[in-house]
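Undergrad: Sharing a structure below in structure tokens format, with a few things to ask.
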Amino acid sequence: MNLLQGLNPQQLTAATHMDGPLLILAGAGSGKTRVLTNRIAWLIGEKGVAPWNICAITFTNKAAGEMRDRVDRMVGFGAEAVHVATFHSTCVRILRQYIDRLGYERNFDIYDTDDTKSLMKDICRHLEINTKLYKEKMFLARISHQKDELVSPEEYRKAAVAAADREMMQEADVYTEYQKRLKRSNAVDFDDLIALTVQLFRENPDVLEHYQDRWRYLMVDEYQDTNKAQFVLIALLAKKTGNLCVVGDDDQSIYRFRGADIGNILNFEQIFPDTKVIRLEQNYRSTQNILDAANGVISNNASRKKKTLWTDNGTGDPVCVRRFEDARAEAKFIVDDLGRKKRQGVFPYKDSAILYRTNAQSRALEEQLLYENIPYTIIGGTNFYARREIKDILAYLKTIDNSRDDIAAKRIINVPKRGIGATSISRIDSYAQSTGSSFFDICRMADKVPGIGRGGLKVREFANFIRKLQEDARSQTPTEVIRNVLDKTGYVEELQLEGTDEAADRIANIEELINKAAAYEEAFAEETGSGDAQQAEAARPSLRDFLEEVALVADIDSFDQEEDRVPLMTLHAAKGLEFRNVYLAGMDDGLFPSYQSVMSSDPSDMEEERRLCYVGITRAKEHLTLTGARMRMLRGQMEWFRESRFLEELPAEVIDTMEEKTPSRSPFASSPKPWQMPRKKEPAAKPFFLTRGMPQASSGDLGYGVGDTVNHVKFGRGTVKEIRDGGRDKEVTVEFEKYGVKKMFAGFAKLVKA
């Protein structure tokens, strides 16, 4: 029973549940990963369950890695047989074995976001769709939603016909062509990984039974984030034994925009009868004041399973609430405060985090951090694998491994430049579409393409070049393949000739890709235990394995919390992380909660925003600061904001408030502070931010007045239509000759009389 030492009573009950469905409602910071790993160890050590009969699934590589490490430490010998992986990794493993039953080859490629965008652009061009009216992103989002709902192109077309909806019919055409081209390229997108696995199980009972017998004890982490396709996948795997343990927190369900269905966890007991429900409410992360703030906010949601977080960590510091005149003042306070805490030895930079609702909020914060020379890192910026030079090299690797990948082959056919023009590429692509062949296959017989002329010779030279790289790759490791591509193409030499800082950065990124491949090979050798040279040769990782590893990496997985930099990220990106000191910026109605949720007639929209606020609050371990601003620049003009309604829901006894003196003419000068107002169980649906209705004022010493012609550095020439007093500054309405009517504050606009 040493395996269970230190568990609290609720954790112990969850860890020793043997058979049947189990729902663990794990509040933030309640030790859910510990419960899962202890349960795995208990099943193996105390109940004699074979390690290979246990499957634990989560959402991120980071979470899977942490669970993997803990299982290895606790179980010891045989731990490697326990399947611990993400949803997508699990499905890739299954599809690599059986996808040929669905008409694909096993060496399929996995398309990332950029690949699918490129594919969709080609499709819209082929179908002659006006992308000014119908955006590629819209089609990709609709297709993703259909796949999440397990709706095939044929089923979607039937629905469109039944509804007699022309737009749906167009979407059905795009969806059909999209899937056809993916399959012809022997490629899948991320949604396919789940949807095709479900299709495989439904159409092949023997394959499903194989995995049901293999994984007799199924555990799913972060269950509140599952969509319909993931739910069906889990239900199919657990149907035979009924041994399904899911862990999640409905209060942290924040990914509805990605297709997550909170009903999966709220209705679990109805879907799986005889479910045992255990609530984990003791928090091991935060102080009680922080937890009381989180409890106070989330208790206003109606659609939730009630739980109240508590801790033995002590009361802790009160939650700081600060409100400023504008976003610059807000950013200055945050940066000054974290800098002071660093100098005083309270928190190193890496232990503080700045969170916000939207990426656009980072600009003012970044400027202030740069000004104060404080190191920082943006989580959720440009993914390493989405950088141009990395995409180029990976496209070579994909074409070498799977020459049917049209997107990869088209990307590199003239990279570096080979004198193959856009016209030749277009003719090859059109001929490939008309004959149902792959782009690369047509490159090999380019002289048969109508109208290609002398360009066909260069195209065939490219195809022969790739064939030679493919031959070389048969006896090479991924690192050697990359080096061979760089050597034979002269890619790095071209960058060196540029002699710019940007080129140097791109070369450094390529070197980092080589480092990644080398580290992957080293880890592979350790896992397979290859000792002598013969064993090492047999256990050499394939190029396909490496590409699969790269395809499944998420940006958050590469976040290094040991580097002493201040991390900046959106609240969505922060889920699963924790920091000693947290700043939650932008607590303004219309910003957080978002304008869309404030204006929505659907109460579930506001409840999702409130859950997002709960997630942000519970990232903090020791100190939490919530900040807002009365004025922010949006879409080129200053707008007024009221304090976030979520601040109204904070218990008054746990917060420390301070506010800059409000200008006497501010529209909110006489408004009661939200934390002085009675708590409203059902906040008003209308927004609290204002941009209109300020009292009329004279133009004063602006140098221009109503009716005057003025010039603006960006918008050019215009006529002043109105001047109002905006409190600290004048609000000027100008009708510009080219850009129409704009409202702006005089201090920012710097208008000059013509």
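Undergrad: Mind telling me which of the residues Lys276, Lys307 ends up being over 26 Å from the mean Cα position of the chain (by Cα) and open to solvent by 30 Å² or more (accessible area, probe 1.4 Å)? Write out each step before concluding.
TA: Working: Lys307 fails: open to solvent by 30 Å² or more (accessible area, probe 1.4 Å).
Going through Lys276, Lys307 in turn, the sole match is Lys276.
Undergrad: Next up: Does the range 292-304 include one or more residues that are open to solvent by 30 Å² or more (accessible area, probe 1.4 Å), under 30 Å from Leu236 (Cβ atoms) and in contact with a helix residue (DSSP H, G or I) (Cβ under 7 Å, 6 or more places away or on another chain)?
TA: The answer is yes; a qualifying residue exists.
Undergrad: With Ser152, Ser89, Ser118 as the choices, which residue is at pLDDT 95 or above, open to solvent by 20 Å² or more (accessible area, probe 1.4 Å) and of a type in the set (Ser, Thr, Tyr)? Spell out how you get there, then give the answer.
TA: Numbers: Ser89 fails: at pLDDT 95 or above; Ser118 fails: at pLDDT 95 or above.
The match here is Ser152.
Undergrad: Here is a list: Thr197, Thr226, Thr241, Thr176. Which entry is within 30 Å of Asp274 (Cβ to Cβ), in contact with a helix residue (DSSP H, G or I) (Cβ under 9 Å, 6 or more places away or on another chain), among the hydroxyl-bearing types (Ser, Thr, Tyr) and surrounded by fewer than 19 Cβ atoms within 10 Å (Cβ to Cβ)? Step through it out loud before you land on a result.
TA: Numbers: Thr197 fails: surrounded by fewer than 19 Cβ atoms within 10 Å (Cβ to Cβ); Thr226 fails: surrounded by fewer than 19 Cβ atoms within 10 Å (Cβ to Cβ); Thr176 fails: within 30 Å of Asp274 (Cβ to Cβ).
Result of the check over Thr197, Thr226, Thr241, Thr176: Thr241.
Undergrad: Let me ask something additional. Could you tell me which residue of the range 407-430 is nearest to Asp392 (Cα to Cα), considering only residues that are of a type in the set (D, E, K, R) and not in a helix (DSSP H, G or I)? Show your work before the answer.
TA: If we filter the range 407-430 for residues that are of a type in the set (D, E, K, R), which is where we start, we get 410-411, 417-418, 427, 429.
Still in the running and not in a helix (DSSP H, G or I): 417-418.
On the way: Lys417: 12, Arg418: 15 Å.
Taking the candidates together, the pick is Lys417.
Undergrad: Of the residues that make up the range 12-31, is at least one modelled with pLDDT under 90, at negative phi and either touching a strand residue (DSSP E or B) at 6+ places or on another chain (Cβ under 7 Å) or not in a loop (DSSP other than H, G, I, E, B) (or both)?
TA: no
A quick yes/no check of all residues on (1) part of a helix (DSSP H, G or I); (2) open to solvent by 10 Å² or more (accessible area, probe 1.4 Å); (3) under 24 Å from Ser30 (Cα atoms); (4) modelled with pLDDT of 95 or more:
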{"residue": "Asp206", "(1), (2), (3), (4)": "yes, yes, no, yes"}
{"residue": "Glu209", "(1), (2), (3), (4)": "yes, yes, no, yes"}
{"residue": "Gln212", "(1), (2), (3), (4)": "yes, yes, no, yes"}
{"residue": "Leu218", "(1), (2), (3), (4)": "no, no, yes, yes"}
{"residue": "Ala235", "(1), (2), (3), (4)": "yes, yes, no, yes"}
{"residue": "Val246", "(1), (2), (3), (4)": "no, no, yes, yes"}
{"residue": "Ile254", "(1), (2), (3), (4)": "no, no, yes, no"}
{"residue": "Phe257", "(1), (2), (3), (4)": "yes, yes, no, no"}
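Undergrad: Report whether or not Glu562 is modelled with pLDDT under 85, open to solvent by 40 Å² or more (accessible area, probe 1.4 Å) and within 19 Å of Lys62 (Cβ to Cβ).
TA: Numbers: modelled with pLDDT under 85: yes; open to solvent by 40 Å² or more (accessible area, probe 1.4 Å): yes; within 19 Å of Lys62 (Cβ to Cβ): yes.
Yes.
Undergrad: Search the range 44-72 for residues that are without any contact (Cβ under 8 Å) to a residue 24 or more places away in the chain and within 30 Å of Ser253 (Cβ to Cβ) and pair each with any residue that is surrounded by fewer than 20 Cβ atoms within 10 Å (Cβ to Cβ) and aromatic (Phe, Trp, Tyr) when their beta-carbon atoms are under 6 Å apart and the residues are at least 6 apart or on different chains.
TA: none
Undergrad: Return the total of residues in the range 4-28 being free of Cβ contacts under 8 Å to residues at least 12 places away in the same chain and under 21 Å from Gly48 (Cα atoms). If you could, list the steps in order and put the result at the bottom.
TA: In the first step, residues of the range 4-28 are kept if they are free of Cβ contacts under 8 Å to residues at least 12 places away in the same chain; the result is 5-6, 9, 12.
Restricting the remaining residues to those that are under 21 Å from Gly48 (Cα atoms) gives 5, 12.
Qualifying residue count, the range 4-28: 2.
Undergrad: Hey, any hits in the range 598-606 for a residue that's at pLDDT below 95, assigned to a helix (DSSP H, G or I) and open to solvent by less than 10 Å² (accessible area, probe 1.4 Å)?
TA: Yes, that holds for at least one residue.
Undergrad: Ok, one more. So, Leu568, is that one assigned to a loop (DSSP other than H, G, I, E, B) and at pLDDT 90 or above or not?
TA: Details: assigned to a loop (DSSP other than H, G, I, E, B): no; at pLDDT 90 or above: yes.
Here the answer is no, as Leu568 does not meet what is asked.
Undergrad: Could I ask something else about it? Considering only residues that are surrounded by fewer than 18 Cβ atoms within 10 Å (Cβ to Cβ) and either of a type in the set (S, T, N, Q) or not in a loop (DSSP other than H, G, I, E, B) (or both), which ones fall in the range 459-475?
TA: Residues satisfying the conditions are Arg460, Glu461, Asn464, Phe465, Arg467, Lys468, Gln470, Glu471, Asp472, Ser475.
Undergrad: Pick out, from the range 96-189, the helices (runs of 4 or more DSSP H) lying fully within it that include 1 or more residues that are farther than 30 Å from Leu397 by Cα.
TA: Working: elements: 113-126, 136-148, 153-163, 166-184.
In the range 96-189, 136-148, 153-163, 166-184 are the helices (runs of 4 or more DSSP H) which contain 1 or more residues that are farther than 30 Å from Leu397 by Cα.
Undergrad: Here's another thing I want to ask about it. So which pairs qualify, if the first residue must be in the range 441-461 and within 14 Å of Ala422 (Cα to Cα), the second must be open to solvent by 90 Å² or more (accessible area, probe 1.4 Å) and part of a helix (DSSP H, G or I), the Cβ gap must be under 8 Å, and the two must be at least 6 apart or on different chains?
TA: Listed pairs, sorted by first residue: Gly451/Arg427; Ile452/Arg427; Gly456/Asp447.
Undergrad: Moving on to the next point. Look through Ala408, Ala422, Ala386 and report the one residue that is of a type in the set (Gly, Ala, Ser), out of contact with any Pro (no Cβ under 9 Å at 6 or more places or on another chain) and free of Cβ contacts under 8 Å to residues at least 40 places away in the same chain.
TA: Numbers: Ala408 fails: free of Cβ contacts under 8 Å to residues at least 40 places away in the same chain; Ala386 fails: free of Cβ contacts under 8 Å to residues at least 40 places away in the same chain.
Step by step, each of Ala408, Ala422, Ala386 is checked, and only Ala422 is of a type in the set (Gly, Ala, Ser), out of contact with any Pro (no Cβ under 9 Å at 6 or more places or on another chain) and free of Cβ contacts under 8 Å to residues at least 40 places away in the same chain.
Undergrad: A follow-up question, please. Against the condition hydrophobic (A, V, I, L, M, F, W, C), under 34 Å from the mean Cα position of the chain (by Cα) and part of a helix (DSSP H, G or I), how does Ile442 come out, does it pass? Even if it seems obvious, please write down each step before you answer.
TA: On the way: hydrophobic (A, V, I, L, M, F, W, C): yes; under 34 Å from the mean Cα position of the chain (by Cα): no; part of a helix (DSSP H, G or I): yes.
Answer is no for this residue.
Undergrad: Let me ask something else. Here is a check on your reading of the model: is Gly451 in contact with a helix residue (DSSP H, G or I) (Cβ under 7 Å, 6 or more places away or on another chain) and loosely packed, with under 12 Cβ neighbours inside 10 Å? Step through it out loud before you land on a result.
TA: Numbers: in contact with a helix residue (DSSP H, G or I) (Cβ under 7 Å, 6 or more places away or on another chain): yes; loosely packed, with under 12 Cβ neighbours inside 10 Å: yes.
In short, yes.
Undergrad: Return the only residue of Leu469, Leu394 being out of contact with any helix residue (DSSP H, G or I) (no Cβ under 6 Å at 6 or more places or on another chain), within 19 Å of Asn107 (Cβ to Cβ) and of a type in the set (A, V, I, L, M).
TA: That would be Leu394, the only listed residue that is out of contact with any helix residue (DSSP H, G or I) (no Cβ under 6 Å at 6 or more places or on another chain), within 19 Å of Asn107 (Cβ to Cβ) and of a type in the set (A, V, I, L, M).
Undergrad: Which of the residues that make up the range 566-608 are more than 28 Å from Asp221 (Cβ to Cβ) and among the charged types (D, E, K, R)?
TA: Asp588, Asp589, Asp602
Undergrad: For Thr479, work out the one condition from (1) open to solvent by 50 Å² or more (accessible area, probe 1.4 Å); (2) at negative phi it doesn't fulfil.
TA: (1)
Undergrad: Only residues that are open to solvent by 30 Å² or more (accessible area, probe 1.4 Å) and not acidic (Asp, Glu): list them for the range 323-336, please.
TA: Selection gives Arg328, Lys332, Phe333.
Undergrad: When you scan the range 262-273, how many residues do you find that are open to solvent by 70 Å² or more (accessible area, probe 1.4 Å) and more than 26 Å from Asp19 (Cβ to Cβ)?
TA: Going through the range 262-273 one residue at a time, the tally reaches 0.
Undergrad: Let me ask another. Please work out which one of (1) in a loop (DSSP other than H, G, I, E, B); (2) in contact (Cβ under 8 Å) with a residue 40 or more places away in the chain; (3) open to solvent by 20 Å² or more (accessible area, probe 1.4 Å) is the condition Gly345 fails and give its number.
TA: The single condition Gly345 does not satisfy is (2).
Undergrad: Exactly one of these conditions fails for Ser438: (1) crowded, with 21+ Cβ neighbours inside 10 Å; (2) under 18 Å from Ala187 (Cα atoms). Give me its number.
TA: Just one mismatch for Ser438, condition (1).
Undergrad: Follow-up. Show the residue pairs that are 6+ apart or on different chains and have beta-carbon atoms under 7 Å apart, the first residue being within the range 519-533 and closer than 22 Å to Ile482 by Cα, the second being modelled with pLDDT of 80 or more and in a helix (DSSP H, G or I).
TA: Going by the 7 Å Cβ cut-off, the qualifying pairs are Tyr520/Pro478; Tyr520/Phe546; Tyr520/Glu549; Glu521/Pro478; Glu521/Thr479.
Undergrad: Find all pairs meeting these conditions: Cβ atoms under 8 angstrom apart; at least six residues apart or on different chains; first residue within the range 491-507 and over 17 Å from Lys391 (Cα atoms) and open to solvent by 100 Å² or more (accessible area, probe 1.4 Å); second residue of a type in the set (A, V, I, L, M, F, W, C) and in a helix (DSSP H, G or I).
TA: Gln496/Ala503; Gln496/Ile507
The values are calculated or read from the model by the stated rules, or taken from the named source; none is laboratory data. Owing to the predicted nature of the structure, the values given are computational and were not obtained by experimental measurement. All Cβ positions, glycine included, derive from the backbone under ideal geometry; neighbour counts span all protein chains shown. We work out accessible area using only protein heavy atoms, side chains counted, and drop any ligands, DNA or RNA first. Shrake-Rupley method; radii C 1.70, N 1.55, O 1.52, S 1.80 Å.
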